[in-house]
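A.B. asks: Quick one: the structure is below, questions incoming.
The values are calculated or read from the model by the stated rules, or taken from the named source; none is laboratory data. Keep in mind the model is a prediction, meaning the values are calculated, not measured. Every residue, glycine as well, gets a Cβ built from its backbone with ideal geometry; the counts of neighbours run over all protein chains shown.
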Amino acid sequence: MAKLQPVRGTKDLLPAEARRHRHVEDTARRITELYGFGEVVTPIFEFTEVFKRTLGDTSDIVTKEMYTFADRGGESLTLRPEGTAGVARAFISGGLQQQLPLKLFYRGPMFRYERPQKGRQRQFHQVGVELLGVESPQADIETIAMGARFLDALGLKDRVTLELNSLGDAESRAAYRDTLVDFLNAHRDALSEDSRERLERNPLRVLDSKDEGDKRVVADAPLLSDSLNEASRAFFDQLTRGLDAVGVSYRLNPRLVRGLDYYCHTAFEFTTTDLGAQGTVLAGGRYDGLIGQMGGPATPGIGWAAGVERLSLMVEELVEPPRPVAVIPVGEAAQATALTLTQQLRDRGVAADLGFSGNLKKRMKRANGLHARLALMLGEDELAKGVATLRDLDSGEQEEIVLDRIVAHLCEKD
């Protein structure tokens, strides 16, 4: 029989790594709560149409990376490749427009069929936020500042750079589209087959191409900023002034774009040089046209998502789990007393580990492996005297404590 292995692009999160993931997620939840965001949990799979409407038929995610399958009823379902589409669908199907503005936080696994590499898996995890119902740049300022505060809380402030650009409003993007099409048509022969197809259907998607030849062409393409109208420039000016006011530093990146038509005005990414090619750790933008494109009411929105795997690779210091008290019964007679004491300690909020088997030496070795702070030893001699031996595993000092006083004594030490 072949040896069972995890599916390529997936991995098990054992306790130490799971703690790092939880630390990232808990930090995101704590920071977003400071800004008034509440958690929303959407299904891991949706009708495929949810993602086709949001990501576009020509996107790499839809054409190459989605895990799509037919269920027993013949419905086409897709494991979610990102979080925004599910939140937008929940807004529409839940009839939540009467609750605007809405501030929503999400977390959980996402799925994309792509080449696994450092910080990128086929099952990966994200934390993200969506702020729906606010047209003004104030929402952009708050959302970006919240992302910066989240990364700062993880200790990453000095290891990331905020890159910022304006995508303009619909009028500006239409003007840019015409300019871009003229440029790309002049270089059509140098484009990949996929990008030549996109040029006919959605030329802005060419700007997102991962093909190296396409990247060389796009490097010389006209800048969107040159097509911005007065209203778009004013919006971006308010954004940058607001970020200056709240102390969030940034670097303007005129090549930072979003290829989908429903994006507008603000695009931003927090990047790092610590992870090689996988430099983006948190990215987002304004998407005022998304919910309308999905069939819902016209609703402005802005949000961001961050990769938990990438952030957990960067996090250096974590709060360790509580160091337990190792309760070590020696002999059959001590088992019942040890079990009772262990439960009493847990009832009082003291982490305790009960040794199940083995001689004293083996159980002490396990206690050290657990990084226990204290060992509570119960043997025949101790039971006869109505005491237990308490050993400090850091200093090696030990003392005898009356059984009736053990729980109170250990709670006092906490």
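A.B. asks: What about SER195, is it crowded, with 19+ Cβ neighbours inside 10 Å, more than 21 Å from GLY289 (Cα to Cα) and in contact with a Ser or Thr (Cβ under 8 Å, 6 or more places away or on another chain)?
C.D. replies: yes
A.B. asks: Go over the candidates LYS52, LYS64 one by one and state the one that is surrounded by fewer than 15 Cβ atoms within 10 Å (Cβ to Cβ) and outside any strand (DSSP E or B).
C.D. replies: The unique qualifying residue is LYS64.
A.B. asks: Return yes or no: is THR42 within 28 Å of GLU193 (Cα to Cα) and out of contact with any Lys or Arg (no Cβ under 7 Å at 6 or more places or on another chain)?
C.D. replies: Here the answer is no, as THR42 does not meet what is asked.
A.B. asks: Moving on to the next point. Here are LEU180, LEU164: which of them is assigned to a helix (DSSP H, G or I) and of a type in the set (A, V, I, L, M, F, W, C)?
C.D. replies: So the residue among LEU180, LEU164 that is assigned to a helix (DSSP H, G or I) and of a type in the set (A, V, I, L, M, F, W, C) is LEU180.
A.B. asks: Now, a different point. Looking at (1) in a helix (DSSP H, G or I); (2) basic (Lys, Arg); (3) surrounded by 15 or more Cβ atoms within 10 Å (Cβ to Cβ), which is the one condition that is false for LYS362?
C.D. replies: (3)
A.B. asks: Could you run through the range 103-113 and say how many residues are outside any loop (DSSP other than H, G, I, E, B) and either among the basic types (Lys, Arg) or within 17 Å of GLY147 (Cα to Cα) (or both)?
C.D. replies: 5
A.B. asks: Quickly run through the range 29-54 and pick out the residues that are under 13 Å from GLY128 (Cα atoms) and touching a Leu at 6+ places or on another chain (Cβ under 8 Å).
C.D. replies: Hits for the range 29-54 are PHE37, GLY38, GLU39, VAL40.
A.B. asks: Here's a follow-up. Does any residue of the range 377-393 turn out to be touching a Gly at 6+ places or on another chain (Cβ under 9 Å) and among the hydroxyl-bearing types (Ser, Thr, Tyr)?
C.D. replies: Yes, that holds for at least one residue.
A.B. asks: Of the residues ASP347, ASP394, ASP404, only one is at negative phi, modelled with pLDDT of 90 or more and exposed (fewer than 13 other Cβ atoms within 10 Å of the Cβ); which?
C.D. replies: Within the list ASP347, ASP394, ASP404, the selection yields ASP347.
A.B. asks: Looking for whichever is out of contact with any strand residue (DSSP E or B) (no Cβ under 8 Å at 6 or more places or on another chain) and either crowded, with 20+ Cβ neighbours inside 10 Å or aliphatic (A, V, I, L, M) (or both) here; the options are ALA298, ALA326. Which one fits?
C.D. replies: Just one listed residue meets the conditions, ALA298.
A.B. asks: Filter the range 103-143 down to residues that are in contact with a Phe, Trp or Tyr (Cβ under 7 Å, 6 or more places away or on another chain) and within 21 Å of GLY296 (Cα to Cα) and give me whichever is surrounded by the most Cβ atoms within 10 Å (Cβ to Cβ).
C.D. replies: VAL129
A.B. asks: For the range 67-91, which residues satisfy the criterion of being more than 24 Å from the chain's Cα centre (by Cα) and touching a residue at least 60 places away in the same chain (Cβ under 8 Å)?
C.D. replies: none
A.B. asks: OK, next. What number goes with the only condition from (1) in contact with a Leu (Cβ under 9 Å, 6 or more places away or on another chain); (2) in a helix (DSSP H, G or I) that GLU171 does not pass?
C.D. replies: (1)
A.B. asks: Right, something else. Just need a number here: residues in the range 277-324 that are assigned to a loop (DSSP other than H, G, I, E, B), under 19 Å from the mean Cα position of the chain (by Cα) and more than 30 Å from CYS411 (Cα to Cα).
C.D. replies: Of the residues in the range 277-324, 5 are assigned to a loop (DSSP other than H, G, I, E, B), under 19 Å from the mean Cα position of the chain (by Cα) and more than 30 Å from CYS411 (Cα to Cα).
A.B. asks: Can you name the residue in the range 242-265 that is surrounded by 12 or more Cβ atoms within 10 Å (Cβ to Cβ) and in a helix (DSSP H, G or I) and is also nearest to the chain's Cα centre (by Cα) among such residues?
C.D. replies: Out of the qualifying residues, it is LEU243.
A.B. asks: Would you confirm whether any residue within the range 207-221 is under 30 Å from GLY36 (Cα atoms), among the β-branched types (Val, Ile, Thr) and either buried (at least 19 other Cβ atoms within 10 Å of the Cβ) or outside the structural domain of LEU102 (by TED's automatic domain parsing) (or both)?
C.D. replies: Checked the range 207-221: no residue is under 30 Å from GLY36 (Cα atoms), among the β-branched types (Val, Ile, Thr) and either buried (at least 19 other Cβ atoms within 10 Å of the Cβ) or outside the structural domain of LEU102 (by TED's automatic domain parsing) (or both).
A.B. asks: Keeping to the range 188-217, report how many residues are assigned to a loop (DSSP other than H, G, I, E, B) and under 18 Å from ARG177 (Cβ atoms).
C.D. replies: Summing the residues that are assigned to a loop (DSSP other than H, G, I, E, B) and under 18 Å from ARG177 (Cβ atoms) in the range 188-217 gives 3.
A.B. asks: So for the range 88-97 (the condition being of a type in the set (Lys, Arg), in a loop (DSSP other than H, G, I, E, B) and more than 30 Å from GLU17 (Cα to Cα)), does at least one residue qualify?
C.D. replies: No, there is no match, as no residue in the range 88-97 is of a type in the set (Lys, Arg), in a loop (DSSP other than H, G, I, E, B) and more than 30 Å from GLU17 (Cα to Cα).
A.B. asks: Quick one: which of ARG8, ARG20, ARG30 is more than 14 Å from the chain's Cα centre (by Cα), farther than 22 Å from GLY86 by Cβ and in contact (Cβ under 8 Å) with a residue 40 or more places away in the chain?
C.D. replies: ARG8
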